[in-house]
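Working notes, structure below.
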Amino acid sequence: MSRLLFFSRFSGRPMILKLSLLDLFPDPQLCDPGEFLCHDHVTCVSQSWLCDGDPDCPDDSDESIDTYFSTVK
C-alpha cells in the first residue's frame, strides 16, 4: 500500500491518499504456456514468432533487442 501526500486546492490542507499499485496498474494479461506477453500487456503471441523479422505485437516488442537477448540462452 502506497501513500500519496497532496494538498487540497480548496482547503490548502494536506491530504493522504492510500493506493495500492494494483489500483494504478491492473493485473496484466496472462499468456498461455508457449506464448509471449507483448509490452502492451494485452497481446499474447507465440514464442516461436519472437525475433523472426516479422512484427506480431502491436508495439513490435516481439522484435526488440531486449526480447532477443532474453530469449538467447
Per-region count, segment 54-71, residues β-branched (V, I, T) and either at pLDDT 80 or above or within 17 Å of the chain's Cα centre (by Cα) (or both): 2
Single residue of segment 28-53 satisfying the filter (closer than 13 Å to S64 by Cβ, touching a strand residue (DSSP E or B) at 6+ places or on another chain (Cβ under 8 Å) and part of a loop (DSSP other than H, G, I, E, B)) that is modelled with the highest pLDDT: L50
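The values are calculated or read from the model by the stated rules, or taken from the named source; none is laboratory data. This one's a predicted model, so the numbers in the text were calculated from it and none came from an experiment. All Cβ positions, even for glycine, are placed from backbone atoms using ideal geometry, and neighbour counts span all protein chains on display.
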